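Laboratory data are not the source of any read-out in this text; all were calculated from the coordinates shown. This one's a predicted model, so the numbers in the text were calculated from it and none came from an experiment. Positions of Cβ are generated from backbone atoms using ideal geometry, with glycine treated the same way; all protein chains shown enter the neighbour counts.
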Amino acid sequence: MRKTECLGMILAGGQGSRLKALTKTVAKPAVPFGGKYRIIDFPLSNCVNSGINKVGVLTQYKPLELHNYLGSGSAWDLDRNGGGVFILPPYAREKGADWYRGTADAIYQNLNFVDLADPDYVLILSGDHIYTMDYSWMLESHKQNNADVTIGVFEVPWEEAPRFGIMVTDKETGRITEFQEKPKEPKSNNASMGIYIFSKPFLKKYLEEDGVNENSTHDFGNDLIPKMLNDGARLFSYAFDGYWKDVGTIESLWQANMDLLQDQPPFELNGDWKIYSSNPAMPPHYIGPDASVKKSMITEGSSIFGEVDHSVIFDGVKVGKGAKVTNSVIFPFAVIEDGAVVDHAILAQDVVIKAGAKVEGNENEITVIAEGEVIG
Amino acid sequence: MKSVVGIVNLQESHDLVRELAATRAVEALPFAGRYRVVDFALSNMINSGINSVGLMLPDYSRAILDHIRSGKDWDLARRREGLTYLPAALPGKDARKGDLKDIYANLDFAELSDKKYVLFVNASYVYNIDFREVLDFHKKSDADITVIYKTANEDKEGQTVSIATSTNGIVNDIAQSNGVKKGSKVVMSAYLMPVPTFAYIVRTTYDRGGQDFLLDGIIRHAGEHKISAFEHKGYVARINSTAAYYKANRDCLNPEIWQELFMNKERPIFTKVKDEVPVQYKDTAEVKNSLIANGCIIRGRVENSILFRGVKVGKGAVVKDCILMQRCDVEDGARVENVICDKNVMITKNRWLKGVESFPYIVTKNARI
């Protein structure tokens with residue numbers, strides 16, 4: 001394999017149990033987002049746009065749909081000679097097989113792949129965040145600091161800081177002096193984004209130690225980062241000030257979708273930084289003679305005959321005459337029949353809301369209908 | 001369909017399309033918000049299991065080459081078979097008009113393939129078909145040639161080739177006329193025949209100075225061959241004039257036609273992928289009976305129109321009975337009615353522009369009004 005400067009590794013094995021009904025059949029990174037995307041499109045597109053074109057995707061939980069979606073990687077221009085996307089599920093060895101026991105273990109179990117790719121740096125990403133970011137600047141900062149590890153951080157409101165892993169840094173240099181995992185009394189509001197750049201030999205050394213340590217939970221945040229700090233390694237933060245959203249819960253997933261509907265969205269999907277996705281072969285959507293559509297995003301293959309207000313509509317969705325869809329996210333091929341009402345809801349793929357039926361949630365509790373269910 | 005090689009002909013006459021086809025072939029005209037006309041012929045081929053397809057290039061081929069590239073978006077970039085470009089005959093070598101000289105120049109493509117049949121189609125037609133049914137029909141009919149036709153559902157103007165058939169479905173007359181009546185059987189310029197029959201017709205017609213495959217090849221040889229006729233019952237539009245182009249686009253606003261052409265799960269229409277964002281409808285948007293392609297941002301009123309990828313409609317702007325191609329920008333308060341805007345046209349603030357339904361006003365590429 002051709003040598004690469006920076007190898008991307010996307011942790012895409014998470015179950016996403018807090019997304020409840022939406023991850024019954026798919027892994028969290030394969031959950032639809034923003035009208036035509038899947039969550040994993042964001043880290044993948046960020047990699048490609050940042051010039052990283054060798055990317056490993058570590059899968060584990062219900063990987064079929066994710067594997068199917070990634071295919072050869074051509075949708076992201078990642079079907080490359082000597083590069084591209086590599087799908088890395090757990091596999092059996094002479095002494096048996098292990099699931100990935102934690103984020104660090106997932107990389108540890110694939111150290112042979114990392115060696116094969118032979119990078120100078122390894123970029124580790126999680127597959128459950130929505131953001132657009134140029135990793136090449138972060139890599140540049142890593143090199144300039146002569147760092148062992150660079151961690152992407154994001155300023156969160158102080159009152160939310162106790163929910164995150166907090167990096168306490170030296171204001172002048174950005175060097176990390178202390179790491180607090182979900183602290184009651186945070187000393188900083190710089191939350192870890194779960195984005196790490198490691199110098200490869202350094203990473204390999206720590207992973208090999210951690211891999212055989214039976215007392216470890218094999219997690220970057222829990223085990224490796226504190227140990228590295230303890231050992232006096234050079235850990236630096238890299239501050240990101242764009243839009244960044246963890247979409248690990250129903251409410252945050254819904255909110256991130258709604259964020260796209262603002263008149264001036266907090267982050268631009270329409271700009272030069274393209275988000276790539278697997279495009280279905282479908283026509284422009286059709287808006288019927290009596291339809292009304294406002295403050296919404298709608299994609300190809302849908303047909304709208306009713307009212308859609310403040311909602312995100314994926315491909316192949318049908319909204320019947322007199323039906324009303326508000327404040328909702330409708331996944332591919334869901335059907336909302338004539339006169340049905342959907343408010344503050346997320347409908348998964350192939351859901352059918354029968355004529356006249358109602359699905360209503362509210363701002364504090366978004367109603368979720370699981371894939372293929374028929375209501376009413 | 002492993003026994004069939006496809007040839008897609010991109011040589012529809014430009015004469016009646018004028019402005020829109022000044023720098024591109026008719027088959028390269030943008031269609032229905034995200035397609036080009038040629039997508040139908042190519043998608044029909046691959047959806048019918050024809051994996052070896054030759055593309056006869058038109059005079060202006062840049063738009064076509066840029067659109068199709070390796071053929072990957074149609075699944076035609078293959079290790080074996082796939083897409084083959086068939087360039088036009090050298091102009092210096094043969095000055096005659098028509099498509100026949102180009103077919104003749106590329107005859108070895110069909111002859112050297114290991115296929116039994118050739119399916120030759122003109123790509124200026126919009127339809128969704130399963131050619132497997134045509135092959136089955138052909139095998140059962142015991143004919144030398146099968147032509148595909150559509151029964152006209154209204155009177156049609158312009159040069160049209162139609163057929164008459166005997167009760168057993170065999171063609172007993174084929175002729176060109178200027179306009180046809182409702183109910184006529186109109187040839188869709190798609191033919192299936194064994195490769196040797198195809199080669200024989202092309203060679204003998206070429207040697208006798210023929211120019212046009214249909215007129216000089218098929219019609220003049222009609223007496224020598226047993227021709228059967230396969231009726232395509234679905235929607236068909238031939239794009240051979242500005243009016244036909246305008247009408248066919250607007251036909252796609254009929255949900256049944258939209259469904260039939262594009263939403264068949266077994267036979268999707270493929271096109272070049274552009275990774276556009278879903279359409280953004282803002283607070284002031286008001287859209288009725290329209291097709292809106294991804295990448296559009298709508299703040300104004302849109303009615304009975306087709307908007308291609310990346311079109312912007314500003315606040316208070318009105319777009320009525322229009323076709324706006326890629327990246328057109330209708331600024332705040334502007335108004336366009338019965339207008340076809342080619343790519344990248346800008347209608348600046350508060351300008352009004354109006355054509356009539358039978359004669360849409362055409363704005364050429366990159367114009368700023």
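Once Rh is set to the Kirkwood radius over Cα pairs, what Stokes-Einstein translational diffusion coefficient, in µm²/s, holds for segment B:280-363 at a temperature of 20 °C and a viscosity of 1.002 mPa s? Reported coefficient: 180 µm²/s. Look at the alpha carbon pairs under 8 Å that are at least 6 residues apart: their mean separation over the length of chain A gives a relative contact order of 15 percent. The aspartates and glutamates within cross-link reach of A:Lys205, meaning a Cα-to-Cα straight distance under 12 Å and a gap of 8 or more places when in the same chain, are A:Asp148. Per residue, the convex hull spanned by the Cα atoms of chain A amounts to 143 cubic angstrom. Our summary of shape: the Cα atoms of segment A:237-294 have principal axis extents of 53, 25, 23 Å, ordered from largest down, in whole angstrom. For the residues of A:288-301, the average number of beta carbons from a partner chain within 10 Å of their own beta carbon is 6. Per residue of peptide B:290-297, the mean number of Cβ atoms on other chains within 10 Å of the residue Cβ is 5. Among the helices of chain A, none built from whole DSSP H runs has Cα atoms reaching 30 Å or more along its own axis together with a mean Kyte-Doolittle hydropathy of at least -0.5. Ignoring aspartates and glutamates fewer than eight residues from B:Lys140 along the same chain, the ones with Cα atoms less than 18 angstrom from its Cα are B:Asp130, B:Glu231. Over the protein assembly as shown, the hull volume per residue, using the convex hull of the C-alpha atoms, is 191 Å³.
Centroid-to-centroid, using Cα positions, segment A:99-151 and segment B:115-138 are 52 Å apart.
Here r is the Cβ-Cβ distance between A:Thr177 and A:Lys358 and R0 is 51 Å; the resulting FRET efficiency, rounded to 0.05, is 0.40. Pairs of Cα atoms nearer than 8 Å and 6+ residues apart set the relative contact order; for chain B it is 15 percent. Computed over segment B:90-146, the P(r) tail beyond 20 angstrom holds 47 percent of alpha carbon pairs.
For the set A:Lys324/B:Lys274; B:Lys272/B:Lys365; B:Lys101/B:Lys265; B:Lys272/B:Lys349, the pairs lying more than 28 angstrom apart at their alpha carbons are A:Lys324/B:Lys274; B:Lys101/B:Lys265; B:Lys272/B:Lys349.
Distance from the C-alpha centroid of segment A:18-92 to that of segment B:314-369: 40 Å, rounded to the whole angstrom. Distance distribution note for segment B:4-262: the fraction of Cα pairs above 28 angstrom is 29%. Considering only alpha-carbon pairs that sit under 8 angstrom and 6 or more positions apart, the relative contact order computed for segment A:266-341 is 22 percent. On the basis of the beta-carbon distance and an R0 of 25 Å, A:Asn81 and B:Arg79 show a calculated FRET efficiency of 0.95.
For a straight C-alpha distance cut-off of 15 angstrom, the aspartates and glutamates reachable from B:Lys181 (same-chain residues fewer than eight places away being disregarded) are B:Glu154, B:Asp155, B:Glu157. For chain B, the longest principal axis of the alpha carbon atoms and the long axis of helix B:38-47 meet at an angle near 60°. For peptide A:270-282, the mean count of partner chain Cβ atoms within 10 Å of a residue's Cβ comes to 4. Give me the one-decimal nm value for the distance between modelled label points at B:Lys140 and A:Asp134, 7 Å along each residue's Cα-to-Cβ direction. With each label point 7 Å from Cα toward Cβ, the separation is 6.3 nm. Based on the alpha carbons, how large is the Rg to Rh ratio for segment A:125-245 when Rh follows Kirkwood? Rounded to two decimals, Rg/Rh equals 0.94. For segment B:20-89, the spread of Cα coordinates along the three principal axes comes to 35, 31, 16 Å, biggest extent given first.
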